[in-house]
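**Q** Please find one structure pasted underneath; my questions will follow.
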Amino acid sequence: MAYSDAFGVEYSDDSTILRKAPTSLEGKYYVTNGTTNIAIDAFKGCELLNSIYLPSSIKKVYGLNDCKQLTEVHFGGTLEQWLNIEWLSLFSCGYDLYINEVLVSEVVIPLSITEIKPRAFYYCKSIKSLVLHDGVKSIGESA
């Protein structure tokens, strides 16, 4: 079973999985709080979406690669939580990253992070500097 929100975006019954957005989705979209996964091809054809707001509950993002006008990604969690998201999809255009509504331009990797996951900052144009610490053991592909 599934349900659709007021914008026609389809979620699993428990709202943990965003399954599919209509191609007519445009402007900005707020992913439902409690959503943990964005399914493969969930935003396929959503070429008019320019801002997305991801809740701190997000753990896996598999379907944002088709958003050709996406210029802003807003994340409601911490940098540490952002660095723990599993990204399968690659962004298709440059975007500005906002964490808790603050534009991210300088990143200092928290000491608790030992791995930067693949695609963590792929195509993020707002980042101007990144500071690593000696405890970072690996940096994933396209990070």
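The values are calculated or read from the model by the stated rules, or taken from the named source; none is laboratory data. Predicted, not measured: the structure shown is a model, and the values here were computed from it. Positions of Cβ are generated from backbone atoms using ideal geometry, with glycine treated the same way; all protein chains shown enter the neighbour counts. Heavy atoms of the whole protein, side chains included, go into the accessibility calculation; ligands, DNA and RNA do not. Shrake-Rupley method; radii C 1.70, N 1.55, O 1.52, S 1.80 Å.
**Q** Condition first: within 19 Å of Asn100 (Cα to Cα), open to solvent by 70 Å² or more (accessible area, probe 1.4 Å) and part of a loop (DSSP other than H, G, I, E, B). Now tell me which residues in the stretch 18-43 satisfy that.
**A** Passing the criteria: only Asn33.
**Q** Please determine, by comparing only the residues of the stretch 57-76 that are of a type in the set (Gly, Ala, Ser) and either surrounded by 18 or more Cβ atoms within 10 Å (Cβ to Cβ) or within 15 Å of Val104 (Cβ to Cβ) (or both), which one is modelled with the highest pLDDT. Reasoning before the result, please.
**A** First, pick out the residues of the stretch 57-76 that are of a type in the set (Gly, Ala, Ser): 57, 63, 76.
Among the residues that remain, those that are also either surrounded by 18 or more Cβ atoms within 10 Å (Cβ to Cβ) or within 15 Å of Val104 (Cβ to Cβ) (or both) are: 63, 76.
Numbers: Gly63: 80, Gly76: 97.
Step by step, filter the stretch 57-76, then rank; the result is Gly76.
**Q** Considering each residue of the stretch 1-17, count those that are in a strand (DSSP E or B) and either surrounded by fewer than 14 Cβ atoms within 10 Å (Cβ to Cβ) or of a type in the set (Val, Ile, Thr) (or both), and give that number. Outline the logic, then answer.
**A** First, pick out the residues of the stretch 1-17 that are in a strand (DSSP E or B): 2-4, 10-12, 17.
Then drop every residue that is not either surrounded by fewer than 14 Cβ atoms within 10 Å (Cβ to Cβ) or of a type in the set (Val, Ile, Thr) (or both), which leaves 2-4, 17.
Selection size over the stretch 1-17: 4.
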